[in-house]
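Read the structure below first, then the notes.
Any read-out appearing in this document is the output of simple, stated calculations on the displayed coordinates, not a laboratory observation. Not measured: the values here are computed from a predicted model. Virtual Cβ from ideal backbone geometry, glycine too; neighbours counted across all protein chains shown.
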Amino acid sequence: MTLASAPLIGARVLAAWDETPALRAVRLQLPPDAARAHERPGQVVKLHTSAGEAYFALASAPDPAGMVDLLVKRGGKVADAAVAAALPGADMAITAPFGKGFPVEEGHGRHVLLFAAGSGIAPIRALVQHVLAHREEFDRVTLFYGQRRGRDFAYQREHLAWERGGVRVVLCPSQEDEAWPGVRGRVQEVARSLAFGGAPPESSVAFACGMTAMVDDVRATLARAGIPPQRVHLNF
């Protein structure tokens with residue numbers, strides 16, 4: 001099935017809420033056939049709205065019950081139409097999940113570094129959920145998550161549970177923020193300053209999602225630290 005030929009289906013909106021002023025979370029119920037297509041974290045769906053179509057990475061790990069989460073960044077024509085249409089009880093037109101997703105098996109038995117920036121936290125959250133559900137298969141896991149300011153971080157209510165489950169969370173605001181007591185800087189800069197969470201390069205693997213420039217910088221930074229580009233994985 002190609003991206004252009006993927007048929008649209010109806011998915012019921014179960015809930016919608018603001019994660020931040022800019023990011024709206026939407027929970028959908030997939031029909032059984034579509035739910036079976038959700039095989040690994042990092043897969044995507046195409047969403048059809050009155051303003052056009054767009055691709056969104058699923059923000060949740062595969063779920064036998066067929067529930068999926070999206071994270072929609074306000075400000076775009078299609079995104080704003082999606083936010084307006086995502087009313088509990090309504091149906092939204094999307095495709096079944098598709099794409100290769102993250103090669104999670106590459107992290108088995110290794111130290112795992114996760115890098116997310118902006119709305120790129122969506123597929124990384126799905127990967128975090130997978131890691132927590134299969135924690136014994138991974139060694140040390142550290143998430144470096146970047147936004148502009150402290151108020152912009154999504155899923156803050158879940159971060160403590162992630163930490164308790166064995167995923168270290170390092171939040172990295174890139175702009176000056178007097179209300180933020182932690183470290184500041186781009187995710188790759190913070191990761192380097194913290195020695196990548198103590199993960200030895202020879203046994204580490206990374207997964208990243210964000211703007212192309214950020215991903216390229218992460219790859220370059222990790223390469224200088226001894227983690228080659230072929231051990232930095234994307235979800236597409």
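Sort region 1-83 into rounded, prolate or oblate with this rule: let a ≥ b ≥ c be the square roots of the eigenvalues of the Cα gyration tensor; rounded if a/c is under 1.5, and if a/c is not under 1.5, prolate when a/b is larger than b/c, oblate otherwise. Because a/c hits 1.5 or more and a/b fails to exceed b/c, region 1-83 counts as oblate. Between R74 and L160, the simple spin-label model (points 7 angstrom out along Cα→Cβ) gives 2.7 nm. Remark: the T212-Q175 segment gains 11.4 nm on full extension, using 0.36 nm per residue and subtracting the alpha carbon distance. Would you work out if region 87-179 is rounded, prolate or oblate? Take a ≥ b ≥ c from the square roots of the eigenvalues of the alpha-carbon gyration tensor; rounded if a/c is under 1.5, else prolate when a/b is larger than b/c, oblate otherwise. Cα axes put region 87-179 in the oblate bin. Sorting F98, F115 from the fewest to the most surrounding beta carbons within 10 angstrom yields F98, F115. Take the Cβ atoms of A65 and A225, set R0 to 35 Å, and the FRET efficiency comes out at 0.30.
Multiplying the residue separation of R36 and A84 by 0.36 nm and subtracting their alpha-carbon distance yields 14.5 nm. Within the same chain, lysines fewer than 8 places from K100 are excluded, and of the rest, those with a Cα less than 16 Å from its Cα are K46. If R0 is taken as 35 Å, the Cβ-Cβ distance between R192 and A93 corresponds to a FRET efficiency of 0.20.
Here the gap between E137 and S203, fully extended at 0.36 nm per residue and compared with their Cα-Cα distance, gives a gain of 22.4 nm. Shape analysis of region 104-233 yields a ratio of the Cα radius of gyration to the Kirkwood radius, Rg/Rh, of 0.93.
Take the chain, connect every pair of alpha-carbon atoms lying under 10 Å apart with a spring to form a Gaussian network, then pick out the residue of A84, A22, A223 with the largest mean-square fluctuation. Maximum among the listed residues: A84.
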